[in-house]
1. For segment 590-649, with every protein chain kept in place, what is the accessible area per residue (1.4 Å probe, Å²)?
2. Going highest first, how would you order 109-120, 139-150 by mean Cβ packing within 10 Å?
3. Considering only DSSP states other than H, G, I, E and B, which GluC sites (Glu not before Pro) in segment 406-514 qualify as loop sites with at most 16 other Cβ atoms within 10 Å?
4. So what are the ³J(HN,Hα) numbers for segment 31-48, from phi and the Karplus equation (6.51, -1.76, 1.60; θ = phi - 60°), rounded to whole Hz, Gly and Pro as x?
5. Let me have the 222 nm mean residue ellipticity of the chain computed from DSSP H runs of 4+ only, each contributing -39500 (n - 2.57), with the sum over all residues rounded to the nearest 500.
6. Relative contact order for segment 145-261: what is it in percent, counting Cα pairs under 8 Å that are at least 6 residues apart?
7. Would you kindly state how much longer the chain becomes between residue 504 and residue 228 on full extension, computed as 0.36 nm times their sequence separation minus their alpha carbon distance, in nm to one decimal?
8. Let me check I've understood the local charge: for residue 355, count other residues with C-beta under 11 angstrom from its C-beta, Lys and Arg +1, Asp and Glu -1. What total comes out?
Amino acid sequence: MKQLSYLIVLFGATQSLSQQSSTASKTIEAVRTNEPMRIDARFLEAVWQREGFSDFTQREPDDGEPPTQRTELWVSYDDDALYIAALMYDTSPDSIVGRSGRRDADFNSDMFTVIIDSYNDQRSGFSFAVNPKGAIADAIIYNDTQDDDTWDGVWDAATRVNKYGWWAEMKIPFSQLRFAQADSYHWGFHAFRTIQRRKEEDWIVSVPLDESPRMSKSAQLVGISGISPQPNLEIVPYVTARGEYIQQITGNPFNDGSIYVGNAGADFKWGIGNNFILNAAVNPDFGQVEVDPAVVNLSQYETFFEEKRPFFVEASNFFNFGRGGANSFWSFNWSDPLYFYSRRIGRSPRGSVLHTGFADIPDRTSILGAAKITGKISHGWSIGALESLTARESADVDSAGVRFTDPVEPLASTTVVRSLYEFDEARHGLGVLGTGLLRDLKDPSLRNSYNEHSFSGGLDGWVTLDDERVWVLTGWATATHIQGTPARIASVQKSSAHYFQRPDATHLTLNPNATSLSGFASRVTVNKQKGSWQFNSGVGLITPGFDANDLGFLSTADVINAHAMIGYQWYDPDETFRRKGWNLGLFQNYNFARLKTGEGGFLYWNLKFLNYWGMRGVFGFNSPVIDATTTRGGPYMKTTRGYVADLQLYSDPRNDVEGLLIFAGGRTESGGYRFSVEPGVTLKPGPALNISVSGSFFRDVTIAQWVQAQVDPTATRTFGTRYVFGRLDQREISAVLRVDFAFTPKMSLQAFVQPLISVGTYDQFKELARPGAYQFASYGSNASTIAYANSVYTIDPDGMSGPASAFTLNDPNFNFKSLRANFVFRWEYSPGSTIYLVWTNSREDFANPGQFNINRDLKSLFAANTDNVLALKLTYWIHP
């Protein structure tokens with residue numbers, strides 16, 4: 001790993017281990033009010049008739065300078081709520097940018113934001129923001145610098161634009177904050193104003209541009225006394241109705257073209273004591289409102305989709321593991337295992353039916369109940385716990401008129417526990433995580449398809465290495481253990497994350513009799529937190545037996561990875577650029593046989609012009625290394641040297657028309673190549689309408705794309721199996737249209753439309769000639785033959801006279817066409833109460849495999865049969 005050592009030494013020669021930084025402490029006083037407060041942005045109450053706080057400082061674009069416009073802030077409270085009033089003066093009120101939109105949207109407008117650290121732990125907070133049109137956003141702040149906007153508090157805001165500027169007023173019930181009982185309260189407090197036309201940010205406490213904005217540098221909110229933490233019981237009952245109008249299959253007794261489903265249940269949120277929230281659900285509705293995008297995955301690895309279900313995304317930051325303390329986590333050719341991937345809960349059943357015929361298989365697993373508790377035990381000590389119970393699912397099968405009920409999913413219980421203790425003013429942290437998944441496998445037909453038990457546990461933490469908090473060392477270590485039948489554990493060993501069956505892997509052995517599998521993973525990183533010079537380095541490993549995929553997400557095990565990155569950012573504008581910088585990173589990967597499986601480097605650069613247009617890009621290379629996965633359980637191969645480049649151009653986001661253009665390409669010494677073009681434009685024709693259109697076209701030519709493995713005892717050089725590859729020419733074109741229209745800040749319509757055409761053409765079929773090399777024996781040469789008829793290739797590896805048997809290969813060409821559309825109407829008709837009306841339209845077509853013709857394929861797509869789903873959901877927030 002000489003390259004990494006050189007990089008670290010180079011950085012050490014140019015950068016010291018400490019920087020000086022100080023921020024003057026500021027205090028904002030909250031004044032009690034005894035009169036009723038109307039949230040109308042008129043400021044008529046007596047408590048607002050006093051001098052406000054106006055000591056703001058620019059952070060953008062002129063770091064440390066006085067604001068170009070004056071801002072005045074007041075804070076008040078009564079027994080029930082905190083009140084914020086802000087007057088954003090503006091000498092050009094006609095230039096104030098205000099845009100309506102649904103909650104938490106990217107408004108690209110003027111904004112006023114307050115962040116309240118009611119724990120006063122200098123690590124966390126509750127963020128509340130409003131723009132001149134009254135559109136709101138809220139979030140939870142955690143790990144000092146990170147935010148989670150999936151939290152939706154119940155609070156109120158009003159705004160008004162006049163000749164002086166714009167006014168904002170907020171009411172934040174104490175029931176939405178978390179704090180312990182005390183005689184008086186000192187809370188962390190941040191506030192900042194955004195002036196969109198200048199991209200200006202004015203902060204109460206301005207953190208320099210070479211640092212991330214952080215709660216540890218907040219002001220103090222004082223003066224609050226005589227209040228108590230509010231009892232917080234929220235009940236949200238719901239009713240749903242769903243109609244599915246789907247394609248009929250002739251003879252299918254389970255599908256007459258329409259399915260109607262209704263449901264009802266309730267979610268509960270209960271504030272336990274002062275610091276904890278219990279979320280529970282009875283007969284929960286865990287269907288997501290938004291659809292997943294269409295994806296064509298030709299790799300051996302699973303596709304990762306983001307969680308969109310509110311129960312799981314809210315307060316999910318409490319379950320984050322391994323990424324505390326530092327404000328940047330670089331990685332090259334490495335992906336942290338995910339120990340809790342909540343989309344595993346309630347996913348579609350994975351068991352197979354026992355009988356042939358038409359089958360009515362549930363599209364998801366019912367969640368009988370779920371509960372989670374999150375909060376802080378004491379100052380700096382947080383905890384999160386989640387429990388869910390999923391149902392036993394069965395499929396109805398009609399086999400020639402005879403009905404059967406086949407089990408396809410067992411009853412299962414999931415437990416996740418997370419705790420984190422931060423101490424010495426959060427300069428250090430230590431955490432623990434544990435997960436468990438238990439299944440009732442009383443159905444013999446399911447025992448070979450599921451693990452009986454799956455457990456994981458680990459420690460994580462960080463240490464700040466200097467008084468000025470410039471350098472942070474972070475790390476984590478975990479272990480996993482799964483149990484099941486020998487057949488089940490063997491299938492895990494053979495899966496794409498492990499490939500224990502590799503015939504030339506000297507450090508692995510497939511054990512067909514094993515009933516358990518265990519492994520270990522760990523990573524340590526060091527990060528420079530602030531300053532123009534940047535540095536990040538890490539070392540990690542995942543042992544071959546590590547498996548977190550039952551409840552988490554893991555792409556591959558058997559890896560040792562190390563990287564180092566240095567960079568420099570210029571934050572002060574010059575004659576041409578407002579911002580510019582570069583980062584250089586190198587990495588290496590090994591497996592546990594000490595074979596190098598990855599090596600490369602990347603150069604990133606970015607330029608932002610004074611007019612806020614800009615460009616950024618990357619150039620990278622990958623060296624020839626051993627490839628342990630492309631044969632999908634077969635012997636090692638070798639890769640060839642490759643190069644990649646990327647260029648992104650973007651326009652000023654303040655304009656009503658915003659553009660993005662991405663060019664990317666790459667080439668390997670084997671002759672493969674890839675290029676892509678991705679244009680995008682965002683239109684803001686009015687304050688309530690936002691339209692974004694993006695497109696993508698790529699062509700990817702892979703010289704050796706895996707096709708299949710064919711057992712043949714005569715293939716002695718490749719351990720009795722022929723590993724068949726082909727040249728793949730894949731062309732894909734797609735587009736995404738998103739439309740957001742806000743009737744009011746609480747009523748919106750969102751549309752998502754994605755057409756996609758992906759065509760793959762295979763030729764030049766061949767087999768791996770020698771393990772550990774990038775060498776192939778082409779079919780149709782050296783006495784071998786290949787013939788094609790009726791969408792089937794017949795291949796004889798050594799011709800009629802040789803001992804090898806001929807085998808067949810189904811034509812792997814494809815032409816996948818998809819259109820997905822999703823329309824969502826949202827109306828928050830009362831605080832915390834919402835109506836959703838959803839229409840989903842989808843269609844697919846597979847005609848003309850291997851032939852790319854846009855006009856014909858689009859006609860074929862729009863002529864395809866469609867599936868339509870209409871859904872209505874009504875929730876009502878009750879706060880006793």
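The values are calculated or read from the model by the stated rules, or taken from the named source; none is laboratory data. Please read all numbers here as calculations on a predicted model, not as lab measurements. Using ideal geometry, Cβ is built from the backbone for each residue, glycine included, and neighbour counts are taken over all protein chains shown. Please note that ligands, DNA and RNA were not included when accessible areas were found on the heavy atoms of the full protein model with its side chains. Shrake-Rupley method; radii C 1.70, N 1.55, O 1.52, S 1.80 Å.
1. Counting only protein heavy atoms, the per-residue value for segment 590-649 is 45 Å².
2. 109-120, 139-150
3. Counting only loop positions with at most 16 other Cβ atoms within 10 Å, the GluC sites (Glu not before Pro) in segment 406-514 are 425, 468.
4. 10, 5, 10, 10, 9, x, 10, 9, 8, 9, 6, 9, 6, 8, 5, 5, 5, 8
5. -1000 deg cm²/dmol
6. With pairs under 8 Å counted, the relative contact order is 20 percent.
7. Length gained between residue 504 and residue 228: 92.6 nm.
8. So the environment of residue 355 carries a net charge of -2.
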